[in-house]
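Student: Pasting in a structure now, in structure tokens, and then I'll have a few things to ask.
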């Protein structure tokens, strides 16, 4: 897909560029696997600026896997306030329990063992290996996937994008390289109005901002989400926020969900919270688990 000369050029230019622009993010100051798991879970579909204070507050409350595993899942959900996608908190709690039960509280450094943990997919598993254990593996999130599709000048399938990403990782530089690629996608090769004039690898890019964007629908690149306002997702979030303040009686569900005239919808959405492990019934009262 790319010549050896192009690979060498990209490595040199990205490395040179990143040395002066690397973002100062707290999870980049640690190699603690638990802290990396927390940050990567929070960063899914959430901007880094919003994550920073929540990351620091969460680790102050749950500094280790064992502390999180011993906590009530409701306490973990409570600490997740403000981040959205509350199921991630449930998955994180389940992951902590699994690490304690299967690995004596030590996060594994094996790809297959990581993938077997609740809520851990290919990206998160490789991010743990790269950022906690400094392995020479490539991580492909939506930013990196966009950079690679544009660099290659074509839409890439899952295997293709991972293969290209792995090929670009310099030997013994997995941590630095992956951070640099994440920054390149977040700061320059952005989704809308790519800043091609600032791109360190513009000369190797086969797209260069002209014609149809090959990143569209390419593997690893997220697509636009459905409208949030008025959606069930919004109602779920309102209900979880209400539960963080205290139990909600069945008769108050519609008001808490923001649909005072639609009790049937509120009841249905409440049941999805129970199924997802975000709430439980005690008689006719809904509470955090």
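Quick note: the coordinates plus some simple rules give every number you see, no bench work behind them. Just so we're clear, the structure is a prediction, and the values are computed from it rather than from any experiment. Methodologically, a virtual Cβ is constructed for each residue, glycine included, from the backbone with ideal geometry; neighbour enumeration extends over all protein chains shown.
Student: Of the peptides 205-214, 231-240, how do they stack up when ordered by the mean number of other Cβ atoms within 10 Å, highest first?
Tutor: Packing proxy ranking, top to bottom: 231-240, 205-214.
Student: Between the helical axis of 174-187 and the dominant principal axis of the chain, each derived from Cα atoms, what acute angle in degrees is found, rounded to the nearest 10?
Tutor: Between the helix axis and the principal axis of the chain, the angle is about 80 degrees.
Student: Next question, about the same structure. For the pair residue 46/residue 12, report the inter-label distance in nm, with labels modelled 7 Å from Cα in the Cβ direction.
Tutor: About 4.1 nm separates the two model spin labels.
Student: On to the next question. Give the angle, between 0 and 90 degrees and rounded to the nearest 10, that separates the Cα long axis of helix 48-61 from the longest principal axis of the Cα atoms of the chain.
Tutor: It is inclined by approximately 60 degrees.
Student: Right, next: Cα-based Rg (one decimal) and Dmax (whole number) for the stretch 184-289, in Å?
Tutor: 21.8, 65
Student: Report the semi-axes of the equivalent ellipsoid for the chain in whole Å, largest first, where each axis is √(5λ) for an eigenvalue λ of the Cα gyration tensor.
Tutor: Value: 38, 23, 15 Å, ordered largest first.
Student: Ranking 34, 175 by Cβ neighbours within 10 Å, fewest first, what do you get?
Tutor: Starting with the residue having the fewest Cβ neighbours, the order is 175, 34.
Student: Need the C-alpha centroid separation for the stretch 157-188 versus the stretch 56-100, integer Å.
Tutor: Each part reduced to its Cα centre gives a spacing of 29 Å.
Student: Once fully extended, how much extra length lies between residue 134 and residue 64, figured as 0.36 nm per residue of separation less the alpha-carbon to alpha-carbon distance?
Tutor: Taking 0.36 nm per residue and subtracting the Cα distance, the gain is 23.2 nm.
Student: Going by average Cβ density within 10 Å per residue, which order do the peptides 36-43, 101-108, 144-151 take, highest to lowest?
Tutor: 144-151, 36-43, 101-108
Student: Sticking with this structure for a sec: To the nearest 500 deg cm²/dmol, what mean residue ellipticity at 222 nm is calculated for the chain from DSSP H runs of n ≥ 4 alone, each contributing -39,500 (n - 2.57), summed and divided by the residues?
Tutor: About -16000 deg cm²/dmol.
Student: Here's another thing I want to ask about it. Please identify which residues in the stretch 44-78 have an amide N closer than 19 Å to a label point set 7 Å out from the Cα of residue 276, following the Cα→Cβ vector.
Tutor: Label zone hits: 44-47, 51, 73-78.
Student: With everything on Cα atoms, drop me the angle between helix 122-131 and the longest principal axis of the chain, reported from 0 to 90° to the nearest 10.
Tutor: 70
Student: With contacts defined as alpha carbon pairs under 8 Å and 6 or more residues apart, what's the relative contact order of the chain in percent?
Tutor: Rounded, it is 18 percent for the chain.
Student: How high is the relative contact order of the stretch 29-121, in percent, with contacts defined as C-alpha pairs under 8 Å that are six or more residues apart?
Tutor: Relative contact order here is 26 percent.
Student: Then there's this: Determine how many Å³ per residue the convex hull of the Cα atoms of the stretch 32-124 encloses.
Tutor: Enclosed volume per residue, from the Cα hull, is 84 Å³.
Student: Any chance you could list P(r) for the stretch 87-162, counting all Cα-Cα pairs in 10 angstrom bins from zero, rounded to whole %?
Tutor: 19, 42, 28, 11, 2
Student: Across the Cα atoms of the stretch 232-287, what radius of gyration and what greatest pairwise Cα-Cα distance (Dmax) are found, in Å?
Tutor: 9.5, 26
Student: Among 90, 21, 77, which comes first, second and so on when ranked by fewest other beta-carbon atoms within 10 Å?
Tutor: 21, 90, 77
Student: By what distance, in whole Å, do the Cα atoms of the stretch 1-158 stretch along each of the three principal axes, largest value first?
Tutor: The principal-axis extents, from largest down, are 53, 31, 27 Å.
Student: Roughly what would the spin-label model give for residue 22 and residue 102, points 7 Å off Cα along C-beta, in nm?
Tutor: 3.1
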